[in-house]
Amino acid sequence: MGDNRAVPTTTTPRTGAPADGAAATGAVLPPLRIGPLTVETPVVLAPMAGVTNRAFRRLCREHGAGLYVAEMVTSRALVERTPESMRIIRHDADERPRSVQVYGVDPATVGAAVRLLAEEDRADHVDLNFGCPVPKVTRRGGGAVLPWKRDLFAGIVRAAVEAASPHGVPVTVKMRKGIDEDHLTYLEAGLVAQDLGVAAVALHARTAADYYSGTADWDAITRLKETVTDVPVLGNGDIWSAEDALEMVRRTGCDGVVVGRGCQGRPWLFADLAAAFHGSDARVRPGLAEVAAVVRRHGELMVEEFGEEGKAMREMRKHMAWYLKGYVVGGALRARLGLVESLAQLDDLLAELDLDQPYPGEAAEGQRGRAGSPKRPALPEGWLDSRELSDGFRQALAEAELSVSGG
């Protein structure tokens, strides 16, 4: 950390094996087994709305190894086959395993969505979202607040597993600790999910109220690992470097890690993670010229993804600050990059960078993406009154399926 040398990637793409010359001491963890799937490097890319599209997943796969999950797709939109939902679940021909995360609040709709994915051979793995803290999701009773209703949580998991199992598609669950520290659900939910046949459970070690603020409670991952013993337990939260991932495994005993915001603007983090989990101390330390090349590659892939250059560049804008974190770039140039409209303009702006800059060290590392402060979760009226779902809530939730992506 803090090394100013520009060091090339030293892992073999999609295998994670250290390249020739990289110091290695042996695998830190065995391969991650999710049902019939084997993930040689026990690392999962967390689904992030507007980020983990096909273009970004390809970038990550080109650098390292792991399981790369698509953006969250809502079950209602998927059942209705909306153009956006079908784009979200699209994978490259060589992308294996194909992983999709589904969100929903109605068991029947979630089951239908998972059945579509499994029967039509559109996914090799389905993850269920019980971790989203975004108000537009939680105020409908979804995401991180849903496991509070025990019967609803069990109904959704059961419907998904029953729809996927005949086709050999494993289902996993990603969740948070609970609504807040007074309404924790993760240990109970983990056991229920295990008993209903999920292939793994992942915990973002924050509550919905924490949002993305503060420090993730890795001790909660330890407790979940001690409680859920029949399927792999994955840890998520505050993995900003390969060293963080190794420390989480050491402290919690988890079977693998889920990486979200830490890879924003740093798809080469997966090279670091692949090296680290194979016992190598090789790390990627890109100079600004290398970063600019990745930005250009990302832009090209985004145009392929969206089929329209203007749309692709608008989607690219959010990535600019992440890629340039820590590098010396004038405010005016940063602002122009944040308003880029075409690949030609992107080329012109990248050419204005001081491409001789070496890796800036700690300034380019650490936390990135949204953090903010704790916030009171938006909940349906009366949500906390009971752990069971009333007939009124059941009807409201069936009507509340959102045709949007987020979380």
Between 0 and 90°, nearest 10: helix 186-195 axis offset from the chain longest Cα axis
70
Using every alpha carbon pair in the range 238-356, what percent of pairs falls into each 10 Å bin from 0 up to the bin containing the largest distance?
13, 39, 28, 16, 4
Length gained, residue 243-residue 355, 0.36 nm per residue minus C-alpha separation, equals 37.6 nm
If the chain between residue 167 and residue 80 were fully stretched, how many nm would it gain, using 0.36 nm times the residue separation less the Cα-Cα distance?
29.2 nm
Angle between the Cα long axis of helix 242-252 and the longest principal axis of the chain, 0 to 90 degrees, nearest 10?
30
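If each residue of separation counts as 0.36 nm, what is the full-extension length gain between residue 28 and residue 300 once their alpha-carbon separation is subtracted?
Extra length available between residue 28 and residue 300 comes to 94.4 nm.
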How large a share of the accessible area of the chain, in percent, is made up of carbon and sulfur atoms when the probe is 1.4 Å and the other protein chains stay in place?
50
Would you indicate which of [x] 60, 42, 41; [y] 64, 47, 41; [z] 62, 57, 46 is the value of Cα extents along the principal axes in Å derived from the coordinates of this structure?
[y]
Over the alpha-carbon set of the range 288-360, divide Rg by the Kirkwood Rh and report the Rg/Rh ratio to two decimals.
0.95
When ligands, DNA and RNA are left out and all protein chains stay put, how many square angstrom of accessible area per residue does the chain have with a 1.4 Å probe?
38
The long-range amide H neighbours of residue 44, using H built 1.01 Å from N in the peptide plane and a cut-off of under 5 Å, are 67, 257, 258, 259
Compute a Gaussian network model of the chain, connecting alpha carbons closer than 10 Å, and tell me which residue from 328, 259, 79 fluctuates the most.
328
Quick one: of 174/311; 149/174; 136/325; 174/325; 174/375, which pairs are farther than 19 Å apart, Cα to Cα?
174/311; 136/325; 174/325; 174/375
Mind listing which GluC sites (Glu not before Pro) in the range 260-331 are in a DSSP loop and have 13 or fewer other Cβ atoms within 10 Å?
308
Return the calculated 222 nm mean residue ellipticity for the chain, to the nearest 500 deg cm²/dmol, obtained by summing -39500 (n - 2.57) across DSSP H runs with n ≥ 4 and dividing by the residue count.
-11000 deg cm²/dmol
For residue 352, what is the net charge nearby, where nearby means another residue's Cβ is under 15 Å from its Cβ and Lys, Arg count +1, Asp, Glu -1?
-1
Taking alpha-carbon centroids only, the range 269-306 lies from the range 54-97 a number of Å equal to 19
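The values are calculated or read from the model by the stated rules, or taken from the named source; none is laboratory data. Fair warning: this is a prediction, and the values are worked out from it, not measured in the lab. Cβ: placed from backbone, ideal geometry, glycine included. Neighbour counts: every protein chain shown. We work out accessible area using only protein heavy atoms, side chains counted, and drop any ligands, DNA or RNA first. Shrake-Rupley method; radii C 1.70, N 1.55, O 1.52, S 1.80 Å.
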